[in-house]
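The values are calculated or read from the model by the stated rules, or taken from the named source; none is laboratory data. Please read all numbers here as calculations on a predicted model, not as lab measurements. A quick note on method: Cβ atoms are made from the backbone with ideal geometry, for glycine too, and the neighbour counts reach across all protein chains shown.
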Amino acid sequence: MVDQISMKEAAYKIKSGQTITVSGNGEFLNPDGVLAALEKRFLETGEPKDLTLIYNVIPGSPRRGTGVDRLAHPGMLKRIYAGSYYTLEVEKLNDLIRENQVEAYLVPYGALYNMMRTASAGQPGVLTPVGIGTFVDPRIGGDKLTPRTTEDISQVMEIDGKEYLFYKAVPIDVAIIRATTADEDGNLSLEQEPFSIGILHKAMAAKNRGGTVIAQVKQIAKRGSIHPKSVAVPGIFVDHVVLAPDQMDAMPYNPAWTGDIRIPMEAIEPMPLDYKKVISRRAAMELEPGDLVNFGFGISASVPQIASEEGIADQVIFNVEHGPVGGIPNNKYAFGAGVNMMATMDAQNIFEFYDAGRLNMTCLGMAEVNRDGSINVSRVNGKYNLGGFMDIVHATKKIVFCGTFTAGGLDIQVEDGKIKIIRDGRYRKFVNNLQHVTFNGNFALEKVQKVVYVTERAVFTITEEGLTLTEIAPGVDLEQDILAKMEFRPAISKNLKEMDDCLFQPERMGLRQKESFARQLKDERGSSK
């Protein structure tokens, strides 16, 4: 039988100087009870200290001070490998970074997942083309976020004339994971969680090198209760189980998110007509029938909702890197989950097909843009956030960046089919110098990727002349409202036009009648006869 222990006993299984990995995406799969006990032990005894922490998606948001933020005490952490340090209210780790109290690396999700996979297999590391020419390239910044972070965790290697980054695998001492159910042998199932996001590799990475695996669960079941196909982590990889009957209280089980039920599409409320909807609508105009499309956090996450309103959601396949394939992805606090999916995959496998160029299109956010179309999203206002961004943009055929034209106190109304700027944002987003290069516009041009930058008042693309203005919104003055709000003058298309009137009207845009969608629907009706 698996060893069932208390939260306090679990906290004492972790020793100073060890490397730990933690599961979770926000409240999903977040072993917060164990992390709370670990924090309590440190505050009372000063142990364990000098830990190395590895996580992919942030466990703990949006509740401030929970999840991995519980470990953000001076002296408790020595080093962090993470794909994000700030989402919503999780920010104490950023304080350690800003104060140079920890070694910190910001690593693309795909590389992080593969660093765990290669560690579990006893391999030296992972080779990836993702990140060349960006801040994670060791010739530019090498993922490092603080002055005390000096060790290189990657190196550039050339194979058959092409450059790659080689990330070293990190040996794991302890994996702290969460599941719904553990049987008496330690087999784990995830029936109330919407995805798995790499927990098997986390467990294997620790167990396969003689480390320890601690699983927090909601309930214990009799031996043999879990169907073999439902076991997400076999008991051979689990050392200790900690019971937490209330672990779903912060984010209760939703059967639609786990695929246990499907919801009527009519239940999805239409978006109000505001500038965010204008941006989402313009991005949705880039969709084509049969596209496999990824969506990021923020405004871009509303594009599937627009597709649903327009009656074309069943003609494209939406996907987020956390797991859902098909259906409508969630946004805000439940980002990463979805409803009415056709399937769910582990994030590890999703990044493999992203890196291979399987995506037709992605919609992502943008914080800063420069004159060659390069983008920063990873360092904004002293906060660090990267996620799967680099893997997603690496080989995707069409990239649509979505965001407001300025930021900070922006007040814009959509009236009478036009944009009305009541108060512009305090911060310019089209700048001469980026704080980080998260997306390299010149490399995208070389790879012949189509790149579109959508704001509420202007649309741009990349050409040989650099960032090029192609569309402006009705009611907007080119010089006063666009060019004067940029730190550089972009190229202006000879075919500059107004953004489509339908973007600013309360009625549906009519995307279902768009030639490509109408043709696809006609073909489907014909084949069904």
**Report entry** Some residue of region 131-147 being of a type in the set (A, V, I, L, M, F, W, C), more than 16 Å from T438 (Cβ to Cβ) and assigned by TED's automatic domain parsing to the domain that holds G75
**Finding:** no
**Report entry** Positions within region 316-327 being crowded, with 21+ Cβ neighbours inside 10 Å and either over 18 Å from the mean Cα position of the chain (by Cα) or closer than 17 Å to A283 by Cβ (or both), in sequence order
**Finding:** V316, F318, N319, V320
Query raised in the report: Within region 49-59, is even one residue surrounded by fewer than 17 Cβ atoms within 10 Å (Cβ to Cβ) and in contact with a helix residue (DSSP H, G or I) (Cβ under 9 Å, 6 or more places away or on another chain)?
Result: yes
Query raised in the report: Looking at L96, is it modelled with pLDDT under 95 and not in a loop (DSSP other than H, G, I, E, B)?
Result: yes
Query raised in the report: Among the residues of region 228-237, is any crowded, with 24+ Cβ neighbours inside 10 Å, in contact with a helix residue (DSSP H, G or I) (Cβ under 7 Å, 6 or more places away or on another chain), in a loop (DSSP other than H, G, I, E, B) and not aromatic (F, W, Y)?
Result: no
Query raised in the report: Out of region 261-289, which residues are free of Cβ contacts under 8 Å to residues at least 40 places away in the same chain and among the acidic types (D, E)?
Result: E266, E269
Query raised in the report: In region 202-218, which residue that is buried (at least 24 other Cβ atoms within 10 Å of the Cβ) and not aliphatic (A, V, I, L, M) is farthest from D346 (Cα to Cα)?
Result: Q216
Query raised in the report: Given the conditions (1) surrounded by 20 or more Cβ atoms within 10 Å (Cβ to Cβ); (2) at pLDDT 95 or above, which single one is not true for K398?
Result: (1)
Requested in this report: Test G365 against the criterion of being crowded, with 24+ Cβ neighbours inside 10 Å and under 15 Å from the mean Cα position of the chain (by Cα), and give yes or no.
Outcome: no
Requested in this report: Output the residue which, of all residues in region 368-395 that are surrounded by fewer than 24 Cβ atoms within 10 Å (Cβ to Cβ) and touching a His at 6+ places or on another chain (Cβ under 7 Å), is farthest from E446 (Cα to Cα).
Outcome: R379
Report summary line: Filtering region 263-297 for residues that are modelled with pLDDT of 95 or more, in a loop (DSSP other than H, G, I, E, B) and farther than 24 Å from K397 by Cα leaves a count of 2
Requested in this report: Considering each of G161, G122, G186 in turn, give the residue that is within 28 Å of D50 (Cβ to Cβ) and either buried (at least 21 other Cβ atoms within 10 Å of the Cβ) or more than 18 Å from the chain's Cα centre (by Cα) (or both).
Outcome: G122
Query raised in the report: Just one of the numbered conditions (1) surrounded by 24 or more Cβ atoms within 10 Å (Cβ to Cβ); (2) touching a Leu at 6+ places or on another chain (Cβ under 6 Å); (3) of a type outside the set (V, I, T) is not true of R70; which one?
Result: (1)
Report task. Report yes if some residue within region 302-317 is of a type in the set (S, T, N, Q), without any contact (Cβ under 8 Å) to a residue 40 or more places away in the chain, touching a Lys or Arg at 6+ places or on another chain (Cβ under 8 Å) and assigned to a helix (DSSP H, G or I); otherwise report no. Result -> yes
Query - Complete set of residues in region 118-154 that are within 16 Å of S378 (Cβ to Cβ), of a type in the set (S, T, N, Q) and touching a helix residue (DSSP H, G or I) at 6+ places or on another chain (Cβ under 7 Å) - result: T134, T146
Requested in this report: State the number of residues belonging to region 448-476 that are within 23 Å of the chain's Cα centre (by Cα), surrounded by fewer than 21 Cβ atoms within 10 Å (Cβ to Cβ) and in a loop (DSSP other than H, G, I, E, B).
Outcome: 1
Query raised in the report: Restricting attention to region 246-254, does a residue exist that is polar (S, T, N, Q) and either surrounded by fewer than 16 Cβ atoms within 10 Å (Cβ to Cβ) or in a strand (DSSP E or B) (or both)?
Result: no
Query raised in the report: Got a sec? Which of R148, R139 is within 22 Å of G441 (Cα to Cα) and out of contact with any Gly (no Cβ under 7 Å at 6 or more places or on another chain)?
Result: R139
Requested in this report: Please indicate, with yes or no, whether at least one residue in region 18-28 is surrounded by 17 or more Cβ atoms within 10 Å (Cβ to Cβ), under 30 Å from V320 (Cβ atoms), within 25 Å of the chain's Cα centre (by Cα) and without any contact (Cβ under 8 Å) to a residue 60 or more places away in the chain.
Outcome: no
